[in-house]
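*Asks:* What follows is a single structure, and I will ask about it in a moment.
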Amino acid sequence: MKKFLDDIKRDIKFKSAGPGKKLADETSAKPEAVQSSSSVKHSRHGPSEGAQRAGAAALARIEQHQRPKLHTSQDAIRNQGGGHKHHIAVIHCGWTLKSHPGSNVPVKDPACLSVSGVYFTCPLTGATLTKSEREVHIKEAILMRFEEDAVEASVMMIHTFNKDREKVKVAVDIISKYVENICKNPTEEKYRKIKLSNKVFQEKVRSVEGSREFLQALGFTSVMLSVEGQEEEEEFLVLPEQSPDALELMKERRDRLQRGEPVRAQLDRQPQAFRPSANAQRFELPPEFYNLTAEELKKEQQQRSDLVEKNAMLRTKAMREKEEQRERRKYNYTLLRIRLPDGNLLQGTFYAWDRLPVLFGFVRESMVDGWQPFELIAPAGQKLQESEEIALAECNLVPAALLTFAWDAGVQADIAAAGGKPPTLLKPELLESIRTLS
């Protein structure tokens, strides 16, 4: 496989001004493995011809196209407008005439935004990605992984490339049965031969991307064999007779397949510290935060503004709560700021349906003394409970909110009585990049 890709590299002629950023360069630090690997090194079989072609195509795309520079919130926190609603102001700047390529939907002026966008991190390469880049990048990263570990790459393919989870489960169960039969009957040739035209294999295994690559990583090879009663030969996947050690290795690889999980890009929370500011309650969010299109959102905001007083008078409490639930479902993400005892602010991006323990974990990871108990108080004054598995949307913390941080008063009193020092707040790396909300 490596020689195959090296030949492709030599044949590539760059059409752009310079070579693009290689995916391999993004992996200078050892990437985090998503699937568990055996602690013992074993000989590995190369991927199929199809996987080689796919890997080569991925490499060519990576080398021929310059990946655009991605900006984090530290590059794009800008001015906000005015307005108030429920202790925060989600402000809507004017719309520019600029549109996304191939779209008629207008784009907000980036100078207005509280955060430049929603970004994700690839767990295989560490690359920062936009929502639209996630799927292609992860697929390319998995294909490139065949050089390192064909079993792990094929397991990732099966669990990531196929969206139908039930279909994946069926394929995994059938492949596991193949392995079980071989291990129970190691000398029986019939268990080591898979006829590709077999109906079950065609419908339930071959149709799942990565299944053939996994079988070849186990040691199966493609062979044309004669079939009794037929003039033409048919293609089979055939596994040579295995030694006892090789059979144990097959079981271990089967277990890796069964434990496999989809490789998913992780939300980049873009932690950012800000100095004390009167604008802490003002937010301007990019379109990615909403399930609505930009035009639908703009129209709805105007309608809501026109009807707010009338609705407040006419709706019952139950009607208002039902409407609030519908409103919360319109948001994909939420931007939260936490006001600290020294007045500084900590900001992060979350899924609207992240649970409260995720929020508390984010705050703890940002603090020097995050191990000490603390409280988070919502805009309406209620204390949030870290132990409660409640979604941020259900706490009315979408699409943005300003929370208040407070150390546990009883614990701090005990520390002070014992002559201890007050706890330290934000970590140095956050204070080094602290900004001002203008």
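*Asks:* Can you pull out every residue in the stretch 161-177 that is farther than 14 Å from ARG254 by Cβ and open to solvent by less than 10 Å² (accessible area, probe 1.4 Å)?
*Replies:* Residue satisfying the conditions is VAL168 alone.
*Asks:* Would you be able to say whether some residue in the stretch 171-178 is touching a Lys or Arg at 6+ places or on another chain (Cβ under 7 Å), among the β-branched types (Val, Ile, Thr) and within 20 Å of SER154 (Cβ to Cβ)?
*Replies:* yes
*Asks:* Looking only at residues that are in contact with a Gly (Cβ under 9 Å, 6 or more places away or on another chain) and open to solvent by 30 Å² or more (accessible area, probe 1.4 Å) in the stretch 343-378, which one is farthest from GLN266 (Cα to Cα)?
*Replies:* The qualifying residue farthest from GLN266 (Cα to Cα) is PRO373.
*Asks:* Follow-up. Just for the stretch 190-210: of the residues that are among the polar types (S, T, N, Q) and within 24 Å of MET156 (Cβ to Cβ), which one is surrounded by the fewest Cβ atoms within 10 Å (Cβ to Cβ)?
*Replies:* Restricting to residues being among the polar types (S, T, N, Q) and within 24 Å of MET156 (Cβ to Cβ), the top hit is GLN202.
*Asks:* Let me ask something additional. Kindly indicate whether any position in the stretch 154-162 is under 13 Å from VAL238 (Cβ atoms) and within 35 Å of the chain's Cα centre (by Cα).
*Replies:* Applying the first criterion (under 13 Å from VAL238 (Cβ atoms)) to the stretch 154-162 yields none.
Checked the stretch 154-162: no residue is under 13 Å from VAL238 (Cβ atoms) and within 35 Å of the chain's Cα centre (by Cα).
*Asks:* Just to be sure before I move on: is LEU384 within 25 Å of ALA278 (Cβ to Cβ), without any contact (Cβ under 8 Å) to a residue 40 or more places away in the chain and of a type in the set (A, V, I, L, M, F, W, C) in the structure I sent?
*Replies:* Here the answer is yes, as LEU384 does meet what is asked.
*Asks:* Moving on. Taking the condition under 30 Å from TYR119 (Cα atoms), of a type outside the set (Ser, Thr, Tyr) and touching a Pro at 6+ places or on another chain (Cβ under 6 Å), does HIS159 pass?
*Replies:* It is true that HIS159 is under 30 Å from TYR119 (Cα atoms), of a type outside the set (Ser, Thr, Tyr) and touching a Pro at 6+ places or on another chain (Cβ under 6 Å).
*Asks:* How about the stretch 179-197: which of its residues are of a type in the set (Asp, Glu) and either outside any helix (DSSP H, G or I) or outside the structural domain of VAL238 (by the TED database) (or both)?
*Replies:* At the first step, the residues of the stretch 179-197 found to be of a type in the set (Asp, Glu) are 180, 188-189.
If the condition is that a residue be of a type in the set (Asp, Glu) and either outside any helix (DSSP H, G or I) or outside the structural domain of VAL238 (by the TED database) (or both), then GLU188 is the only one that fits.
*Asks:* Name the residues in the stretch 143-165 that are in a loop (DSSP other than H, G, I, E, B) and of a type in the set (S, T, N, Q), would you?
*Replies:* ASN162
*Asks:* Quick one: how many residues across the stretch 211-228 are in contact with a helix residue (DSSP H, G or I) (Cβ under 7 Å, 6 or more places away or on another chain) and either of a type in the set (Phe, Trp, Tyr) or open to solvent by 50 Å² or more (accessible area, probe 1.4 Å) (or both)?
*Replies:* Result for the stretch 211-228: 2.
*Asks:* So if I check each of SER114, SER132, which one is buried (at least 23 other Cβ atoms within 10 Å of the Cβ) and out of contact with any Gly (no Cβ under 9 Å at 6 or more places or on another chain)?
*Replies:* None of the other options fit; the residue is SER114.
*Asks:* Of everything in the stretch 387-415, what is touching a residue at least 60 places away in the same chain (Cβ under 8 Å) and not in a helix (DSSP H, G or I)? Give them in sequence order.
*Replies:* ASN396, LEU397, VAL398, PRO399, ALA400, ALA401, LEU402, LEU403, THR404, PHE405, ALA406, TRP407
*Asks:* Any idea how many residues of the stretch 395-413 are surrounded by fewer than 16 Cβ atoms within 10 Å (Cβ to Cβ) and more than 25 Å from GLN272 (Cβ to Cβ)?
*Replies:* 5
The values are calculated or read from the model by the stated rules, or taken from the named source; none is laboratory data. Fair warning: this is a prediction, and the values are worked out from it, not measured in the lab. We place every Cβ from the backbone using ideal geometry, glycine too, and count neighbours over all the protein chains shown. Just the protein is used for accessible areas: all its heavy atoms, side chains included, with ligands, DNA and RNA removed. Shrake-Rupley method; radii C 1.70, N 1.55, O 1.52, S 1.80 Å.
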